[in-house]
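The structure appears right after this line, and notes come after that.
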Amino acid sequence: MEGIAARVPTAAATVLQRTPRPGALWWRATLHWLSLYRRNWQGSAISNFLAPLLYLGAMGYGLGSLVNRSGTAALGGVPYVQFIAPGVLAATAMQTGVGESSYPVMGAVKWQRQYHAMLAAPMGPVDLVLGTAAFVLLRVAIASAAFTLVAVLLGAMPSPLSLVAVLVAVLCGAAHAPATMAFSAAQENDYYFALLFRFGVLPAFLFAGTFFPVDQLPAWIQPLAWVTPLWHATTAARQLTLGTPDWLEIAGHCTYLLLWAAAGVWLAVRVFTRRLVT
C-alpha cells in the first residue's frame with residue numbers, strides 16, 4: 001500500500017508532463033481543415049483568378065474609362081483601375097477571411113461538431129482558434145496572391161512593391177477572421193450571418209475607400225470609415241501598389257490591423273472556451 005501511495009503523485013506528475021501547453025497542437029487543427037480543403041480546392045482556385053478579372057475588367061476598365069475621361073485629380077492623377085486594384089485586393093482578403101470564419105466555424109461547433117472531436121484529443125480552445133485561424137490566413141494568402149498576379153498582368157498594379165501588398169492583405173484577413181470566428185462560435189443558427197454580411201462586410205466594402213477616396217464622403221461619416229480595418233489595409237496597399245510608400249504610415253496601418261487580430265484571437269478563445277468547454 002505504501003508503495004502504491006508513493007507512486008500516485010509520480011503518475012499524476014507524469015500525466016501533467018504529457019499534457020501539452022495551450023496552443024502547442026494548433027497545427028493539428030490546421031491539418032484537419034487542409035484535409036477538407038483538398039476535396040474542393042478546384043472551385044476556389046478558379047474563383048480566385050476569375051474574380052479579379054471580372055472586378056478589374058468591369059470596374060477598372062469599363063467604369064474606369066468614364067472616370068479617366070472626366071478627370072482623375074481626386075484620385076491623385078492615377079488611372080482608375082490602378083486606384084481600385086489595391087482596394088479590391090484588401091476587400092477580397094476581408095471577404096475571404098470573414099467567409100471562411102463564418103459558416104465553417106459554426107458548422108464545426110453546431111452541425112458537424114468537429115471541434116468537439118478535437119477537444120476529445122489533447123487539444124484545447126487555444127489550439128482550435130489558432131489552428132483554424134492559420135488555415136483561414138492560408139486561404140487569404142492564396143486568394144490575395146492570385147488577385148495580385150492577375151492585377152499585375154493586367155497592368156493594374158505597376159509597382160514591384162505590389163508583392164508587399166499581399167502581406168498587407170493577409171494582415172487584413174487576420175484583422176477580420178478571429179473576430180468573425182468568435183461571432184460564429186456563439187451563434188445557434190445562421191440567422192445573424194445575413195446581418196453580418198449585409199451591415200458589416202458590404203458597407204465596409206463600399207465606403208472604406210475601395211472605389212473612391214474616403215475624403216469624398218460627408219465629413220460626419222468619414223471617421224466611421226477610418227476605424228474599419230479595411231480602410232487601413234486599402235490605404236497601405238494602395239501606397240505600395242502605386243510605388244509611393246510612406247513606410248512610417250504603412251507601419252501604423254499594419255499595427256492597427258495587428259491589434260484587431262490580437263483582440264480577435266483573445267475574444268475567440270474566450271467564446272470557444274465558454275461554448276465548448278464550460
| message | Return the pair list, or none, for Cβ contacts closer than 9 Å from residues in the range 25-48 that are over 15 Å from GLU100 (Cβ atoms) and in contact (Cβ under 8 Å) with a residue 24 or more places away in the chain to residues that are surrounded by 14 or more Cβ atoms within 10 Å (Cβ to Cβ) and among the polar types (S, T, N, Q), at least 6 apart or on different chains. | response | TRP26/THR132
| field | Condition broken by ILE250, with the remaining ones in (1) within 21 Å of SER144 (Cα to Cα); (2) without any contact (Cβ under 8 Å) to a residue 60 or more places away in the chain satisfied | value | (2)
| field | Selection within the range 98-137 - within 21 Å of ALA261 (Cα to Cα) and among the polar types (S, T, N, Q) | value | SER101, SER102, THR132
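With surrounded by fewer than 20 Cβ atoms within 10 Å (Cβ to Cβ) and either of a type in the set (Lys, Arg) or at pLDDT 95 or above (or both) as the only criterion, which of LEU167, LEU196, LEU217 stands out?
Details: LEU196 fails: either of a type in the set (Lys, Arg) or at pLDDT 95 or above (or both); LEU217 fails: either of a type in the set (Lys, Arg) or at pLDDT 95 or above (or both).
None of the other options fit; the residue is LEU167.
Which of the following residues is without any contact (Cβ under 8 Å) to a residue 24 or more places away in the chain, in contact with a helix residue (DSSP H, G or I) (Cβ under 8 Å, 6 or more places away or on another chain) and under 19 Å from ALA90 (Cβ atoms): ALA145, ALA169? Quick ask: steps written out before the conclusion?
Numbers: ALA169 fails: without any contact (Cβ under 8 Å) to a residue 24 or more places away in the chain.
Within the list ALA145, ALA169, the selection yields ALA145.
Looking for something assigned to a helix (DSSP H, G or I), closer than 19 Å to VAL170 by Cβ and either among the aromatic types (Phe, Trp, Tyr) or in contact (Cβ under 8 Å) with a residue 60 or more places away in the chain (or both) - is there at least one such residue anywhere in the range 268-276?
So in the range 268-276, the residues assigned to a helix (DSSP H, G or I) come out as 268-276.
Now drop any that are not closer than 19 Å to VAL170 by Cβ, which leaves 268.
Subset that is either among the aromatic types (Phe, Trp, Tyr) or in contact (Cβ under 8 Å) with a residue 60 or more places away in the chain (or both): 268.
Checking the range 268-276: at least one residue is assigned to a helix (DSSP H, G or I), closer than 19 Å to VAL170 by Cβ and either among the aromatic types (Phe, Trp, Tyr) or in contact (Cβ under 8 Å) with a residue 60 or more places away in the chain (or both).
Rundown of residues vs (1) surrounded by fewer than 24 Cβ atoms within 10 Å (Cβ to Cβ); (2) aliphatic (A, V, I, L, M), yes/no style:
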site: ALA74; (1), (2): yes, yes
site: GLY77; (1), (2): yes, no
site: PHE83; (1), (2): no, no
site: ALA90; (1), (2): no, yes
site: ALA93; (1), (2): no, yes
site: THR96; (1), (2): no, no
| query | Scanning the range 68-83 for residues that are outside any loop (DSSP other than H, G, I, E, B) and without any contact (Cβ under 8 Å) to a residue 40 or more places away in the chain, which turns out nearest to the chain's Cα centre (by Cα)? | reply | TYR80
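The values are calculated or read from the model by the stated rules, or taken from the named source; none is laboratory data. Everything quoted here is computed from the prediction, not taken from an experiment. Note that each Cβ is placed from the backbone with ideal geometry, even for glycine, and that neighbours are counted across all protein chains shown.
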